[in-house]
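Just so you know, all these numbers are worked out from the coordinates, no wet-lab data involved. Predicted, not measured: the structure shown is a model, and the values here were computed from it. Backbone-built Cβ (ideal geometry, glycine too); neighbour counts: all protein chains shown.
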Amino acid sequence: MVRHRLLATTVLAAAMLIPAAAMAGKADDTLVYASDSEPENVSPYHNNLREGVILSRHAWDTLIYSDPADGKYKPYLATSWTWTDPKTLDLELRQGVKFHNGDSLTADDVVFTFNYVQTPAAKVVTKQNVDWIKSAEKLGDYKVRIHLKEPFPAALEYLSGPTPIYPARYFQQVGLEGFSKAPIGSGPYKITAVNTGKGVRLERFDGYFADSPIPKPKIAKLEFRVMPDSESRVAALMTGAIDWTWRVPHDQAMAMKSAPGLSVLSAESMRIGYIGFDSRGTSSAEAPFKDLRVRQAVAMAIDRKSLVDNLVGGGSNVMHAACFPSQTGCDPNAVTKYEYNPKKAKELLAEAGYPQGFKTEIQAYRERDYAEAIMGYLKAVGIDARLNFLKYAAMRENLRGGTVPMVFNTWGSFSVNDASASTGVYFKGGDDDTAKDPEVIKTLTEADATVEPEARKAMYRTALKRISDQLYWLPLFSYSTDYVFTDKLTFQAYPDELPRFYLSSWK
């Protein structure tokens, strides 16, 4: 491909721009990793970008640990937990845990965190992660009680993921703005610098508690760099300016397998790429996607199998349901499946009153080449889509404001292995629900609170089928993430799309 032929030229050009002092690697015990996106706020509850999730897992701890090897829950900040009834969870906290500023972690910090994130002032970005919590109560210096609004069988899964514990005294002292600039956690690494537009620096926390299920990191420092351009990231890797990157275009990654000094790893992740529609007609007076036949035409216009085989590559698979198959409650066989049929797509557009097609906008925030390939399929059936490529936070606000006719978006479920982490965010009536279907909202609300496993799964199947029948989402594919890194680094990928650098080491 052309990209292959240009790669060497790009690398040489970039190498001329990289100062010697910027070189990364084993010599100064700093693992420099680069990604294309930057969270708008490093505070874990105040962004929902994957880069923010990664920072959260390195700089903050949660009450419960989910072992990536087998998915079993293990003691973490909590040493034990007991359900006193379906809506009450008691946890014993570990003693001797320190935050990065030296403060001791106690029940006050847990109670403050969970009560704070329930307040409107907290402005939590993904409310689904915490809105199952009614309140937290202190039972002793190292014992807390979590009151649930309703029974929520996935509670332990959420307590092992997107619910880190904040230092109460420090957060109240500096506020959210101060915390975003100088964050404090209790994780294996501490954040030492936040440079907006450039990245984040972290150092190993030598005061990390010895009994953690996470071992003391072997690498002393991490540095996250924001590098939006894929070619620049690859060039920086090949010239030694960075040690690790991902989201490398698949063809490029395959071409780099023969490059000296590099390792290439491809792995399917829980992330789903999808097209979302303005099904309620809030984006414009014309609002073509309000018509189900137009949404069906889009579904039949796109050859998803070809996208998987020729663009995404690796372990990617065509997706049909608005969830990832491994998530509890996700049944891909329960939904309507739309096959590639451009002839039928044109017929549906004509039936809907668009025999000559129409013009529209599609918004996206990553993988411009994926978006452009989708636009090519749409163009072939008469839908002329103009790409509006934005930063994620800006695109998210447009979606929440109802001004986006069509979006190419992705969702990684915060690596929570439960269908509620996808359906609950996008179809349960919250900020990110553009469909606001009362039937779906009712079914998902009941499903989330149903304790009996089979009944819960049946409710999710019902909701997922209606979502697919109405085409509120067109799931496209699972992401196959291509990681490229220096061969001096040991690195293991996991399906939850969480690079665990605290488990890495230099060879």
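Count the DSSP beta bridges whose two residues both fall in the chain, then state the antiparallel fraction as a percent rounded to the nearest 5.
75 percent
For the pairs Lys143/Lys218; Lys391/Lys488; Lys379/Lys465; Lys359/Lys436; Lys221/Lys507, note any where the Cα-Cα span goes beyond 21 Å.
Where the Cα-Cα span goes over 21 Å, the pairs concerned are Lys143/Lys218; Lys391/Lys488; Lys379/Lys465; Lys359/Lys436.
Quick one: if the Förster radius is 30 Å, what FRET efficiency do Val451 and Lys138 give, using the C-beta to C-beta distance and rounding to 0.05?
So, using R0 = 30 Å, E works out to roughly 0.65.
Which log10 I(q)/I(0) values does the range 315-361 give at q = 0.29 Å⁻¹ under the Debye formula, counting every alpha carbon as one identical point scatterer?
Computed log10 I(q)/I(0) values: -1.03.
Based on the mean of other Cβ atoms within 10 Å per residue, sort peptides 460-472, 415-427 so the most packed one is first.
Final packing ranking: 415-427, 460-472.
Suppose R0 equals 22 Å; then what is the FRET efficiency for Tyr340 and Asp369 from their Cβ-Cβ distance, rounded to the nearest 0.05?
0.70
How about Lys343: which aspartates and glutamates have a C-alpha closer than 13 Å to its C-alpha, ignoring those fewer than 8 places off in the same chain?
The qualifying aspartates and glutamates are Asp303, Glu351.
Which Rg and Dmax, in Å, describe the Cα atoms of the chain?
23.1, 69
Gain in length, Leu262 to Ser326, computed as 0.36 nm per residue apart minus the alpha-carbon separation, to one decimal in nm?
Gain on extension, Leu262 to Ser326, equals 19.9 nm.
Using R₀ = 22 Å, calculate the FRET efficiency as 1/(1 + (r/R₀)^6) where r is the Cβ-Cβ separation of Thr403 and Asp431; round to 0.05.
0.95
Could you work out how much longer the chain between Lys305 and Ala182 gets when fully extended? Use 0.36 nm per residue separation minus the Cα distance between them, nm to one decimal.
Taking Lys305 through Ala182 to full extension adds about 39.8 nm, to one decimal.
What percent of all Cα-Cα pairs in the range 203-315 falls in each 5 Å bin, counting up from 0?
Final binned percentages: 2, 8, 12, 12, 12, 12, 12, 10, 7, 6, 4, 1, 0.
Can you order the peptides 449-459, 51-61 by their average number of other Cβ atoms within 10 Å per residue, highest first?
51-61, 449-459
What is the dipole size for the chain, taken about its Cα centre, with +1 at each Lys and Arg Cβ and -1 at each Asp and Glu Cβ, in debye to the nearest 20?
The calculated dipole for the chain is roughly 520 debye.
Between Lys74 and Gln356, what is the spin-label point distance in nm, taking each point 7 Å from the Cα along the Cα→C-beta axis?
A separation of 6.5 nm, rounded to one decimal place.
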